[in-house]
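Colleague: Just dropping this structure here.
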Amino acid sequence: MVNTLKKWRCTVCGYIHEGDTPPAECPICGVGPDKFELIEEEKPKRWRCTVCNYIHEGDTPPEKCPICGVGPDKFVLVEDEPEDGLSKEEKDKLQSLLFNVSYGLYIISSKDGDKINGMTSNSFIQITDTPLRGSVCLNKGTRTAEMIEKSGVFGVSVLGQNNHDLVTHFGFQSGHTVDKFKDVSYITGEKTGCPGLPNTLCFIELEVEKTVDLGTHNMFIGKVVGGEAFHKSEPMTYAYYRATR
Ligand SMILES: Cc1cc2nc3c(=O)[nH]c(=O)nc-3n(C[C@H](O)[C@H](O)[C@H](O)COP(=O)(O)O)c2cc1C
């Protein structure tokens, strides 16, 4: 069990008292509560992976992210990032409401010159129908977000219920350290040049109209400019993926 009691030091004799408040009288030297000071517990530094959000505690960032494999240069100190002003209890409560929201799963792809990359995302949605627009929200440190910023285009491969392998392949390693398309068959989008995955339901191509800076993430709003259908089948939802992985 975690010890959550506060620690108080007697500034006269050094006696340590544990409790929510200092003692009425120091049992060693007899002074009152006004002579006690709260001992601030040293909290370990927290580092966030800007690619996959993994949190590491320690004096320095890890050599390698255990989730997506990127190096220490992709980590930022959490204290340097803006806070949302919520207590842990409030945050947990509000977060639990958001667990009721449902999502689809997609491979978002882009290009940078002759290089291509893609990542798993649950954040793609259609946002308007005239013109047809969609948006996606990606961690700024991902290789895919970097490519979209540079090229101004992205592709969306819509996953079906048999695409678990693609979720893992594109979601738990980064284009910063591996070539994810090396052994994967893909088509090249006619309008944008972004790669699409033929073993999915369909491929949608978008041109970025607006990029919204959300601190940790960039939201890319794009106009649908092309695409093609592949397989007719049930789409993969995040809930289905979690229940069957
Ligand atoms: C189910 C699932 C959903 C994800 N959704 C998102 C998302 O919406 N936005 C995001 O930034 N990362 C998301 N990720 C994490 C990225 O896919 C992951 O960090 C990836 O390694 C980034 O690759 P890249 O650096 O090659 O672009 C998701 C991962 C999984 C497994």
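Colleague: With unit charges on the beta carbon (Lys/Arg positive, Asp/Glu negative), name the residue among 214, 186, 99 whose Cα is farthest towards the positive pole of the charge dipole of the chain.
Modeller: 186
Colleague: In addition: If packing is taken as the average number of other Cβ atoms within 10 Å across a peptide's residues, how do 164-173, 178-187, 135-144 rank, most packed first? Show your work: numbers first, answer last.
Modeller: Working: 164-173: 17.6, 178-187: 13.7, 135-144: 22.6.
My ranking of the peptides, most packed first, is 135-144, 164-173, 178-187.
Colleague: Leaving out ligands and nucleic acids, and using a 1.4 Å probe, what accessible area per residue does the chain come to in Å²?
Modeller: Working: 14680 Å² over 245 residues.
On a per-residue basis, the chain sits at 60 Å².
Colleague: What ³J(HN,Hα) values, in whole Hz, does the Karplus curve 6.51 cos²θ - 1.76 cosθ + 1.60 give for the stretch 105-117 when θ = phi - 60°, with x put for Gly and Pro?
Modeller: 10, 9, 9, 8, 10, 7, 9, 9, x, 8, 9, 10, 7
Colleague: May I pose another question? State, to one decimal in nm, how far the label point of residue 16 lies from the label point of residue 57, with both points 7 Å from Cα in the Cβ direction.
Modeller: Label at residue 16, label at residue 57, 1.8 nm between them.
Colleague: Check which residues have an amide H placed less than 5 Å from residue 140's amide H, if you skip close sequence neighbours.
Modeller: Amide H neighbours of residue 140: 217, 218.
Colleague: Gain in length, residue 9 to residue 191, computed as 0.36 nm per residue apart minus the alpha-carbon separation, to one decimal in nm? Present the calculation step by step, with values, prior to reporting the outcome.
Modeller: On the way: separation 182, 0.36 × 182 = 65.52 nm, distance 6.87 nm.
The residue 9-residue 191 span can extend by a further 58.7 nm.
Colleague: Also, quick follow-up: Expressed as a whole percentage, what fraction of the accessible surface of the stretch 106-244 belongs to carbon and sulfur atoms when a 1.4 Å probe is rolled over the protein heavy atoms?
Modeller: Details: 3340 of 6810 Å².
Of the solvent-accessible surface of the stretch 106-244, carbon and sulfur hold 49 percent.
Colleague: For n ≥ 4 DSSP H runs only, could you compute -39500 (n - 2.57) per run for the chain, divide by its residues and tell me the 222 nm figure to the nearest 500?
Modeller: Details: 4 runs with 35 residues, N = 245.
Helix contribution divided over all residues of the chain: -4000 deg cm²/dmol.
Colleague: To continue, here is another question. Assign unit charges at the C-beta atoms only (+1 for Lys and Arg, -1 for Asp and Glu), then state the dipole size of the chain relative to its Cα centre in Debye, rounded to the nearest 20.
Modeller: On the way: 27 positive and 35 negative charges, 133 e Å.
Result for the chain is approximately 640 debye, rounded to the nearest 20.
Colleague: Please enumerate, by chain and number, the lysines with C-alpha under 22 Å from the C-alpha of residue 45, excluding those fewer than 8 residues away in the same chain.
Modeller: Cα-Cα hits under 22 Å: 6, 7, 64, 74, 88, 91, 140.
Colleague: Sticking with this structure for a sec: Using a Förster radius of 51 Å, what is the FRET efficiency between residue 229 and residue 41 based on their Cβ-Cβ separation? Nearest 0.05, please.
Modeller: On the way: r = 58 Å, r/R0 = 1.13.
Step by step, r from the Cβ atoms, then E = 0.35.
Colleague: Once a ≥ b ≥ c are taken as the square roots of the eigenvalues of the Cα gyration tensor of the stretch 40-184, is the result rounded (a/c under 1.5), prolate (a/b larger than b/c) or oblate (a/b not larger than b/c)?
Modeller: Cα axes put the stretch 40-184 in the oblate bin.
Colleague: Another one. What percent of all Cα-Cα pairs in the chain falls in each 10 Å bin, counting up from 0?
Modeller: 7, 24, 28, 17, 9, 8, 6, 2, 0
Colleague: Å³ per residue of the Cα convex hull, for the stretch 121-193?
Modeller: Numbers: hull volume 8.9 nm³, N = 73.
Given the Cα convex hull of the stretch 121-193, per-residue volume reads 122 Å³.
Colleague: Applying a 10 Å radius around every beta-carbon, put 147-160, 228-241 in order of their mean neighbour count, most first. Walk me through the numbers on the way to the answer.
Modeller: On the way: 147-160: 22.9, 228-241: 14.5.
Answer by packing, highest mean first, reads 147-160, 228-241.
Colleague: While we're here: First check a/c for the stretch 178-227, with a ≥ b ≥ c the square roots of the eigenvalues of its C-alpha gyration tensor; if it is under 1.5, answer rounded, and if not, answer prolate when a/b is larger than b/c or oblate otherwise.
Modeller: Working: a/c = 2.63, a/b = 1.47, b/c = 1.79.
Oblate, because a/c is 1.5 or more while a/b does not exceed b/c.
Colleague: Starting from the amide H of residue 236, placed 1.01 Å from N in the peptide plane, find each other amide H under 5 Å away whose residue is 5 or more places distant or on another chain.
Modeller: HN-HN under 5 Å from residue 236: 105, 159, 160, 161.
The values are calculated or read from the model by the stated rules, or taken from the named source; none is laboratory data. The shown structure was predicted, so the numbers you read here are calculated from the model rather than taken from an experiment. Neighbour counts run over all protein chains shown; Cβ positions are idealised from the backbone, glycine included. What goes into the accessible areas is simple: the full protein's heavy atoms, side chains included, and nothing from ligands, DNA or RNA. Shrake-Rupley method; radii C 1.70, N 1.55, O 1.52, S 1.80 Å.
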